[in-house]
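Structure first, commentary second.
The values are calculated or read from the model by the stated rules, or taken from the named source; none is laboratory data. Everything numeric here is computed off the predicted structure, so don't read it as measured data. All Cβ positions, glycine included, derive from the backbone under ideal geometry; neighbour counts span all protein chains shown. For accessibility, only protein heavy atoms count, side chains too; no ligands or nucleic acids. Shrake-Rupley method; radii C 1.70, N 1.55, O 1.52, S 1.80 Å.
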Amino acid sequence: MSGDGYVKYSAEHIIAPPVEVPRWAELNEARSRLYHLGLVGSLPNGIGFGNLSIRYMGNEFLITGTGTGALPVLRPDGYCLVSSFDLEKNHVVSTGPVRSSSESMTHGAVYLSCPQANCVIHIHSKTIFEGMIRDCFPATPKDASYGTPEIALAIGKCVHELGRDEGQIVMPGHEDGIITYGPTATRTFILIQELYNKYCC
């Protein structure tokens, strides 16, 4: 995985108590399981990788906060609510005890492109990444890089072209990066588990 680990979009964040979102516990359980599989976490230099979100109302979504990758288990204060975002301007507005993940724009692109998607999971795995490239999974362009409007727009295009409420997408311009989405957190985790079983076991 490469990148500087910093939020690249422009952001407005309001510090506030955690937002109570239905199905938060289901999302957090999936996050804990992914941590133990090594698919979310932090690098030796402290930079976190991987993030999860769940739709709240409309296109608002709850997402893991930036800087939380090293924690094996998150509490509600490890999440924030993204209340609005602009893909073209690369701008996010959020509220909560922690700032939103650096991948908030790509999550937003999925929710915009698929009204039936209620969860997005972004992981990093070199083994899964290489397997998906080899097996020609849906992919974003190599020149659509991390933290840019191009990667978010490319994700949205992939989701639209897939035309279903779940999917698995590899991101060649974001080293080892993989996005999955689905109707529930449990189903989206299963899509990750299928990739893990196929390429890591």
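Structure summary
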| quantity | calculated |
| --- | --- |
| Tensor-based shape of the range 1-91 (alpha-carbon gyration tensor, a/c under 1.5 rounded, otherwise prolate or oblate) | oblate |
| Aspartates and glutamates whose Cα lies under 18 Å from that of Lys157, excluding same-chain neighbours fewer than 8 positions away | Asp86, Glu88, Glu103, Asp143, Asp165, Glu166 |
| Cβ-based charge dipole, the range 1-146, positive-most Cα from Gly58, Pro17, Gly69 | Gly69 |
| Set of aspartates and glutamates near Lys126 by C-alpha distance (under 16 Å), chain-local residues within fewer than 8 positions excluded | Asp135, Glu175, Asp176, Glu194 |
| Cα point-scatterer Debye curve for the chain, base-10 log of I(q)/I(0) at q = 0.07, 0.10 Å⁻¹ | -0.16, -0.34 |
| Sites Asp86 and Ile14, calculated FRET efficiency, Cβ-Cβ separation with R0 22 Å, nearest 0.05 | 0.80 |
| Cα gyration tensor category, rounded, prolate or oblate, for the range 86-167 with a/c compared to 1.5 | prolate |
| Qualifying GluC sites (Glu not before Pro) for the range 148-192 [loop in DSSP, other Cβ within 10 Å: at most 15] | Glu175 |
| Surface share of carbon and sulfur [accessible, 1.4 angstrom probe, percent] for the range 1-151 | 55 percent |
| Per residue solvent-accessible surface (Å²) - the chain, probe of 1.4 Å | 44 Å² |
